[in-house]
Amino acid sequence: MLYDISMENEVLDALDDIGYTGALNSDTISEILKAGVANITYTSVIAHLVKELCDFYDIQESVGPVAVENNAEASKCFLMELSGFLREFGCPYEELINGPVEKRLQDSESCLLLLDYLLGEFQAAQLYYTDIPTESVRNQQASTELSCSECLKHMLICLSFPKPPANITPVQLFTKINSRVNEIITHHPGALGSPLLKARLTPNQWIKVSEYNNKLAQEYNLRREMLCKRLDVTIQSFLWSDRAKIHQDSALRLYQPLRQRLKDPSAVTVSDLLSARDSLLCIRKTNSNRKGLETRVNKVLMGNVPDRGGRTGTMQAPPPEMPAFAKRQSGPGPMGSRQQSGGKYGGGRGRVQGGWSDRNSGSKAGGKTSKLHH
């Protein structure tokens with residue numbers, strides 16, 4: 001396959017069209033294509049295009065760029081991941097999907113062909129999904145429009161607004177809403193309190209606030225799932241007994257509707273931050289309001305109970321279980337006579353040692369006598 005200069009120019013134009021500003025340009029493309037899969041820049045561009053195509057077409061394959069240049073093991077891993085994606089994607093070029101993996105993309109021509117193919121597919125996917133959004137995007141847009149319409153409808157009802165005409169513009173509608181809200185605040189000063197967020201944020205700051213809200217929502221949804229799982233396990237443990245198994249169906253019939261209400265994810269959005277008032281800064285103790293603790297189960301409060309003790313400061317230490325250690329004294333008595341007769345270790349131990357010494361001395365004497373006889 002001969003190197004095509006016109007294809008190289010088309011690749012550079014396509015990179016410029018998609019907004020690429022990396023190191024792959026007209027001055028370096030020849031050197032980068034010559035290095036091929038051993039080059040970090042080339043593999044990074046390929047990995048980015050593959051990721052975008054996987055997102056467009058919901059493909060589970062993934063390709064990562066090489067981390068170290070001129071590393072045979074990293075290049076082989078990259079080629080294996082790329083081969084799996086190209087087969088899944090349906091690449092029509094035989095030289096890119098057939099043959100030994102380590103022998104693919106070994107020249108500038110094949111590297112340029114792969115880059116041109118992925119860029120063309122990426123641009124086609126962008127055009128297709130710009131005109132025809134995916135099903136998930138359409139559903140998300142529909143739910144967002146429905147949610148905004150519901151909120152706007154409730155707001156107009158609360159403000160006693162008549163149904164707006166069909167030809168009213170959003171600017172006119174919200175101008176009237178703003179005037180109506182200011183009028184209500186004037187007639188009822190102090191009813192709403194002061195806003196919790198008084199600063200004016202820039203568009204970039206609002207984007208950051210939305211990102212933080214999404215992270216917090218994921219964190220608290222995970223905590224909610226953990227608590228719900230604990231609740232399920234607790235209810236199951238109540239139903240293990242023989243008496244409870246008889247009423248298991250009726251118990252689950254009462255429990256399941258209540259449990260279904262706990263599946264909703266966190267509904268806190270940035271709009272809640274805008275509508276929050278400074279009254280949220282007032283922290284009240286749980287036991288400061290007894291009415292908040294009253295339930296059908298907890299209606300009777302315990303009165304005074306007798307003192308059960310248990311204070312370590314007023315308790316006496318228990319008597320010792322063993323007598324205190326005392327040094328032995330020599331004197332009259334069984335222990336004293338034994339110590340005197342046997343020495344430090346007693347009489348028995350002394351006799352044994354004496355017996356050994358007697359036998360040793362006897363053996364030595366016998367040895368000397370036998371030598372005399374010889």
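At 1.4 Å probe size, what's the solvent-accessible area of I246? Round to the nearest 10 Å².
Its accessible surface works out to 130 Å², give or take rounding.
How charged is the neighbourhood of Q260? Take every other residue with its Cβ under 13 Å from the Cβ of Q260, and add Lys/Arg as +1 and Asp/Glu as -1.
+2
What FRET efficiency comes out for the pair R311/R253, r = Cβ-Cβ distance, R0 = 51 Å, nearest 0.05?
The pair R311/R253 has a calculated efficiency of 0.55.
Could you tell me the distance between the Cα centroids of region 37-55 and region 195-228, to the nearest Å?
So the separation of the two Cα centres works out to 32 Å.
Would you check the accessible area of S271, probe 1.4 Å, heavy atoms only, in square angstrom rounded to 10?
Accessible surface of S271 is approximately 70 Å².
Could you tell me how far the Cα centroid of region 251-283 sits from the Cα centroid of region 91-119, in Å?
Centre-to-centre (Cα) distance: 54 Å.
With all protein chains present and a 1.4 Å probe, how do C158, C77 order by accessible area, largest first?
Heavy-atom accessible area, descending, gives C158, C77.
Once you have the Cα-Cα distance between L262 and L152, take 0.36 nm times their residue separation minus that, and quote the gain in nm to one decimal.
Going from the current span to full extension adds 37.0 nm.
In nm, what is the difference between 0.36 nm times the number of residues separating A23 and N213 and their Cα-Cα distance?
Using 0.36 nm per residue and subtracting the Cα-Cα distance, I get 64.9 nm.
Taking 41 Å as R0, compute the FRET efficiency from the Cβ-Cβ separation of D278 and Q172 and round it to 0.05.
The value I calculate is 0.85.
Any chance you could run the full-extension gain for E321 through L227? It's 0.36 nm times the residue separation minus the Cα-Cα distance, nm to one decimal.
Taking E321 through L227 to full extension adds about 29.0 nm, to one decimal.
Using the basic label-point model (7 angstrom from Cα toward the beta carbon), what is the A244 to D16 distance in nanometres?
Spacing of the two 7 Å Cα→Cβ label points: 7.3 nm.
The values are calculated or read from the model by the stated rules, or taken from the named source; none is laboratory data. In this text the structure is predicted, and so the values were computed from the model without any measurement. Ideal geometry is used to build each Cβ from the backbone, glycine not excepted, and the neighbour counts take in all protein chains shown. Surface areas here come from the heavy atoms of the whole protein model, side chains and all, with no ligands, DNA or RNA. Shrake-Rupley method; radii C 1.70, N 1.55, O 1.52, S 1.80 Å.
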